[in-house]
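Colleague: Once you've had a glance at the structure underneath, I'll fire off some questions.
The values are calculated or read from the model by the stated rules, or taken from the named source; none is laboratory data. In this text the structure is predicted, and so the values were computed from the model without any measurement. Positions of Cβ are generated from backbone atoms using ideal geometry, with glycine treated the same way; all protein chains shown enter the neighbour counts. Ligands, DNA and RNA are excluded from the accessible area calculation, which covers all protein heavy atoms including side chains. Shrake-Rupley method; radii C 1.70, N 1.55, O 1.52, S 1.80 Å.
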Amino acid sequence: IVSLDTSIQTLTDLIQSQNLEFIMEAHDGLSAAVAAQAGFKALWASGLSISSSLGYRDANEASWTQMVDVVERMADASGLPILVDGDSGFGNFNNARLLAAKLQQRGASGVCLEDKGFPKMNSFVGNRHLLADVDEFSGRLRAVKDSVPDMVLVARIEALIAGYGLDEALERATAYADAGADAVLIHSRKSDAAEILEFTRQWAGKLPVVIVPTKYYKTPVSAYREAGISTVIWANHNMRAAIAAMRTTCGRIFAEESIASVEGDVATLEDVFGLLRYDELSAAEDRYLPKH
Ligand code: SPV
Ligand code: MG
């Protein structure tokens, strides 16, 4: 059943909703506007996607202020609540709370922090994922919650990514809940959802569970609904779609030395002007510019 629930206005509503909810990745103002047009109620400001769109690797090569600047454009261009991938917080508790406060000032509704060190590495790359000390990471969470109490704080558990078992993941989830997290994100690099579903069963709803099924994409979402998972993040598909589309278009224009054959396969200029509300500017010109 697809619910046409209009009660979801904020990221808090979405995370606390009794229905399974979905958050779409965006990485700039344009992709944010496209996701809003598609009907998504909230956006994921993906570290991987924003890094990639800036030509960086997802290893904290982009500075935290570069990330904040992108998030501001996403918020302005979409009007949607944004959950920001804050990586590991760009340092200790102090860097994490500075980041969160600045994100809130610039229009973000929530921040997700993962229990690794700085610099982090994307969870699907290599095997050198060192977990942060539980107490030290809990301090990062407490500092963020104290600094921006009305921001949604998602604690991301990387234990399964780092090669530990469910016990370690559950222990960390409990500590992060005690530290003030509003939800836990349990991440996995497996191609099936078994460990995610077992985590959710044993966690027993102590806080909402958020998942990122990038690698276990074949699992039907009905399994998440039945398990009582709160929120699914489609974490990088605008960025990957853009690469595929740009590569095809560049390849054709290069080979054909012409733009004639791609015209029907790219967005029209009217589409671009519509997406970014040129009509609003035109109406404002009528109101505010002197009439001669
Ligand atoms: C991201 O989108 O940057 C994420 C999710 O953190 S993942 O790439 O799966 O680690
Ligand atoms: Mg990330």
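Colleague: Scan the range 216-225 and tell me whether some residue there is touching a Leu at 6+ places or on another chain (Cβ under 6 Å) and away from ligand 2 (no atom under 16 Å from the Cβ).
Modeller: yes
Colleague: Filter the range 194-246 down to residues that are charged (D, E, K, R), open to solvent by 80 Å² or more (accessible area, probe 1.4 Å) and part of a helix (DSSP H, G or I) and give me whichever is nearest to ligand 1 (Cβ to nearest atom).
Modeller: Ranking the candidates gives Arg240 first.
Colleague: All but one of (1) within 16 Å of ligand 1 (Cβ to nearest atom); (2) among the polar types (S, T, N, Q); (3) open to solvent by less than 50 Å² (accessible area, probe 1.4 Å) hold for Ser191; state the number of the condition that does not hold.
Modeller: (3)
Colleague: What tally of residues in the range 76-124 results from selecting those that are more than 16 Å from ligand 1 (Cβ to nearest atom) and at negative phi?
Modeller: The number of residues fulfilling the criteria is 18.
Colleague: Checking Leu153 against (1) surrounded by fewer than 19 Cβ atoms within 10 Å (Cβ to Cβ); (2) touching a residue at least 12 places away in the same chain (Cβ under 8 Å); (3) not acidic (Asp, Glu): exactly one of these is not met. Which one?
Modeller: (1)
Colleague: Looking at the range 172-187, I want the residues that are part of a helix (DSSP H, G or I) and have a partner that is among the β-branched types (Val, Ile, Thr) and open to solvent by 10 Å² or more (accessible area, probe 1.4 Å) with Cβ atoms under 7 Å, at least 6 apart or on another chain. Which pairs are those?
Modeller: Pairs that qualify, where the first residue is part of a helix (DSSP H, G or I) and the partner is among the β-branched types (Val, Ile, Thr) and open to solvent by 10 Å² or more (accessible area, probe 1.4 Å), are Arg172/Val134; Ala175/Val134.
Colleague: Say whether the condition of being open to solvent by less than 10 Å² (accessible area, probe 1.4 Å), within 21 Å of Val232 (Cα to Cα), within 13 Å of ligand 2 (Cβ to nearest atom) and in a strand (DSSP E or B) is met by at least one residue in the range 50-60.
Modeller: no
Colleague: Taking the range 248-259, which residues are open to solvent by 80 Å² or more (accessible area, probe 1.4 Å), assigned to a loop (DSSP other than H, G, I, E, B) and not β-branched (Val, Ile, Thr)?
Modeller: Across the range 248-259, the qualifying residue is only Glu257.
Colleague: What number goes with the only condition from (1) outside any loop (DSSP other than H, G, I, E, B); (2) touching a Phe, Trp or Tyr at 6+ places or on another chain (Cβ under 6 Å); (3) farther than 17 Å from Gln105 by Cα that Asp13 does not pass?
Modeller: (2)
Colleague: If the Cβ limit is 6 Å and pairs must be 6+ apart or interchain, which residue in the range 55-78 that is of a type in the set (D, E, K, R) pairs with which residue that is open to solvent by 30 Å² or more (accessible area, probe 1.4 Å) and part of a helix (DSSP H, G or I)?
Modeller: Hits for this filter: Asp58/Leu48.
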